[in-house]
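**Q** Next up is a structure, given as structure tokens.
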Amino acid sequence: MSESKDFLRTIVEKDLEAGKYKEIVTRFPPEPNGFPHIGHAKSICINFGIARDYQGHCNLRMDDTNPTTEDTKYVEAIKDAVEWLGFEWDDGVRFTSDYFPRIYDYAVELIKMGKAYVDSLNEEEMREYRGTVTEPGKRSKYALRTVEENLDLFLRMKKGEFKDGEHVLRAKIDMSAANMKMRDPLLYRIRHAHHYRAGDEWHIYPMYDFAHCLSDYIEGITHSICTLEFENNRDIYDWVLDTLRLKLPRPYQHEFARLAINYTVMSKRKLLELVEKGLVSGWDDPRMPTIAGYRRRGYTPESIINFCDQIGIAKANSMVDVAQLEFCIRDDLNTKVPRVMCVLDPLKVTIENYEGSEEFDAPYYPHDVPKEGSRKIPFSKEIYIERDDFMENPPKDYFRLTPEQPVRLRHAYIITCKEVIKDADGNITEIKAIYHPDSKSGSDTSGINVKSAIQWVDAKTAKAVEVRLYDRLYSCEAPEGLEDLNPDSLKVIKNALVEPAVITDKPDERFQFERQGYFYADPVDYTDEAPVFNKIVGLKDSWSKKTKAPAKSERKPQAKKVQVEGEVAPMSEHEQALFDKYTGEFGLNSEVANTLARDEKLSSFYEDALSTLNSPVSIANIVANEVARELKEKQADELLFNAKQIAQLVKMVDEETISSNIAKQVFEQMVKSGEDPTQIVEAKGLVQISDPSQILPIIDEVIAKNPDNVAKFKAGNTKLLGFFVGQVLKATGGKANPKVVNELVEQKLK
RNA sequence: UGGGGUAUCGCCAAGCGGUAAGGCCUCGGUUUUUGGUACCGAUAUUCGGGGGUUCGAAUCCCUCUACCCCAUCCA
């Protein structure tokens, strides 16, 4: 759990404090038309996580309003995924389809209120009538139908008397709304289709915008959390619930940015395509970003939850680096799984001076993992090592076996290369070596220094296994289509060799194959006769990074972005006249004058205040900077304060009765209560303190309390001046004259 | 182009007028019979650009720019 709260939890806490809800209720509402992916995992963690954090609860709801795409197999997949992640829902799974009768009743209600009508335009006409983003739409003539006609038609739609597409039910909102979603959105459409749950009972199905808000309401959801692309839909959400005048409390929708990960596609459509075209083995192919895929790959629920926690929740569209996910699974498995040895690309080594056989007892866990357990590793004259772990002509920093450099066989002896055997083509086929009898692991008296220990297996006893090496499914960071698929995303090694204990003792289902990565016994294809391991993730490898570094100059040297300055709209004649007056006659700087002159509300407010107090610059500053904020979404007559009061406020600042700091506080208060500034100042005793003899002791106190920062300041960190001033100001409730404080602090610290 | 959003390190992300958190990545170093882990250290004088207000601005005001979403009888 990160220590800082995300914006959703901030909202929830505020609502709880305000007593808006007794209990927090969230929901995870997928449509059962595909397998859930890691983006859903994020949503699951958010919704179930918030419910857990605030002692509420979270429903699992199938948003199944479209009979043509949904299926029971997907609801099972969704349930599996949520359960596997470790979350629980109570009262069973919910289904929007269970609410169809109630949703239908609400639609009838809306018709009766004259807020919904049956439209009979065809699809094309409807699109034309909707207008465009810049041009308003126009309403269909069918909107004129009477309530009775609408009721009758809607009932007959329900009974199945019409063909698909003949009629729809629409909300009567506003065909010229700037938000396109509000141009009389569809509420119901006719679909003569079999619903996987509701069967053939319904001939009409509610649209998302109508069903979702009502389902939330029916379940008593308090916070309806969804992704950013639904921001425009929020207006309908609110419209439906408000228009129906439902009993409060009602849910509110909040949006967060969906998860995107580089080298990954997250669209259900594209994932479906991969499955249908057989480009992957199924929804649970270990390369798929589906929860089922990660699960089959060997990821743990903990690692995914931890990942969701680490990436945070915000509203900025972002692309998370897949390295972050990989870190999470390594981090989790590091402390959990046994270490064993496996050779993927075997190179035979014959130890010429060794006869017979023996067994080494080797712990499953390294010294820094506090877990018990060990196994026996057989050893004899013929072994296999990884082909990579021998080099005839090594680069400078190569730590492994070479003709000149001995190496330790992990948990066993040190060996030295004596001869390299090659085939006709010059490929190395075998190494002849000798071992050092006094170098046995744990009782080494040989005094030989080796730079590394490598994995190996005994030729006679090693087990052949299949290992599936998975790499990222796509080869480019922001993949779009099939052309971006990584052709090498799966490499199958049929005859990897693993030490026998892995198969015979089965100490776990996940392993670290030392120096290679984490692997998982495939839950589907693994058998005792033909074991199969999936590579979950490789170990961090600073060696290959070093050697392959030049190849990865992926990042283009990003040309410095040139900021294009757009043109500012010219002022009208009237605005220009004002601007000239403000800069000339009143002596305002051009920026403030510009702000004022261009805004009718501000300029009239300004002149109004000016008629009370002749202090053009000070008034202009406060109007352009503070009042402007309040006037952004309100009209002048909606404000609780007026121009005259602003003039009073400015007067106090001009006369130095209060500091500008206090003036801001007072202004806040005026915004909320409309009280006179003089009253506020009097009531709270906000008169400015400028007398050094009153301020000095406070400064001394602050300095005494922060010796570290004093030292830092004296060492040259002058930014800390602001810290000290802030502390002193805080101690005086903001009343100290900041200019004086600044000077005094500076003197004191010199 | 109307409307709705978003911009803080290579990637995420805190911050809500008073010292620019944290994680991932990267780079050094220590420990290590895994080139793993762990541990130490480095890495934003600056918050999309430009102005303004203020003793003090990532935070308030103005303005410009870039990106995302909306014109499915999908969700």
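**Q** If I go through region A:384-397 residue by residue, how many of them are open to solvent by 60 Å² or more (accessible area, probe 1.4 Å) and without any contact (Cβ under 8 Å) to a residue 12 or more places away in the chain?
**A** 3
**Q** Taking A:Met113 as the residue in question, decide whether it is over 17 Å from A:Tyr217 (Cβ atoms) and either modelled with pLDDT under 95 or out of contact with any Ser or Thr (no Cβ under 6 Å at 6 or more places or on another chain) (or both).
**A** Criteria not met by A:Met113.
**Q** What pairs can you find where one residue is in region A:494-508 and farther than 21 Å from A:Ser380 by Cα, the other is loosely packed, with under 15 Cβ neighbours inside 10 Å, and their Cβ atoms are less than 7 Å apart, with a gap of 6+ or different chains?
**A** Filtered contacts from region A:494-508: A:Pro507/A:Gly373.
**Q** Moving on. Within the group A:Thr243, A:Thr146, A:Thr222, A:Thr227, which residue is within 9 Å of RNA strand B (Cβ to nearest atom) and of a type in the set (S, T, N, Q)?
**A** A:Thr227
**Q** Could you grab me the full set of residues in region A:152-171 that are part of a loop (DSSP other than H, G, I, E, B) and crowded, with 19+ Cβ neighbours inside 10 Å?
**A** Hit for region A:152-171 is A:His167, nothing else.
**Q** Let me ask you something else. Need at least 1 residues that are closer than 26 Å to A:Gln747 by Cα and open to solvent by less than 40 Å² (accessible area, probe 1.4 Å) per element, so show me which helices (runs of 4 or more DSSP H) inside region A:630-705 make the cut, counting only ones lying wholly within it.
**A** A:660-673, A:692-705
**Q** Take region A:413-429 and flag every residue that is more than 22 Å from A:Trp543 (Cβ to Cβ), open to solvent by less than 60 Å² (accessible area, probe 1.4 Å) and either within 8 Å of RNA strand B (Cβ to nearest atom) or within 51 Å of the chain's Cα centre (by Cα) (or both).
**A** A:Tyr413
**Q** Let me ask you something else. I'm told A:Lys371 meets every condition in (1) within 14 Å of RNA strand B (Cβ to nearest atom); (2) surrounded by 17 or more Cβ atoms within 10 Å (Cβ to Cβ); (3) charged (D, E, K, R) except one. Can you identify the failing condition by its number?
**A** Just one mismatch for A:Lys371, condition (2).
**Q** Suppose the filter is farther than 17 Å from A:Val457 by Cα and not assigned by TED's automatic domain parsing to the domain that holds A:Ser452; does A:Glu372 pass it?
**A** no
**Q** Which numbered condition trips up A:Phe713, out of (1) in a helix (DSSP H, G or I); (2) near RNA strand B (Cβ under 8 Å from one of its atoms)?
**A** Going through the list (1) in a helix (DSSP H, G or I); (2) near RNA strand B (Cβ under 8 Å from one of its atoms), A:Phe713 breaks only (2).
**Q** Let me ask you something else. Would you check which residues across region A:467-482 are over 14 Å from A:Gly293 (Cα atoms) and either of a type in the set (A, V, I, L, M, F, W, C) or modelled with pLDDT under 95 (or both) and list them?
**A** Across region A:467-482, the qualifying residues are A:Val467, A:Leu469, A:Cys476, A:Ala478, A:Glu480, A:Gly481, A:Leu482.
**Q** Sticking with this structure for a sec: Considering only residues that are assigned to a strand (DSSP E or B) and within 31 Å of the chain's Cα centre (by Cα), look in region A:198-248 and name the one that is surrounded by the fewest Cβ atoms within 10 Å (Cβ to Cβ).
**A** A:Thr227
The values are calculated or read from the model by the stated rules, or taken from the named source; none is laboratory data. For clarity, every value in this text was computed on a predicted model and none was experimentally measured. Quick reminder, even Gly has a Cβ in these numbers, built from the backbone with ideal geometry, and neighbours come from all protein chains shown. With ligands, DNA and RNA removed, areas are computed over all heavy atoms of the protein, side chains included. Shrake-Rupley method; radii C 1.70, N 1.55, O 1.52, S 1.80 Å.
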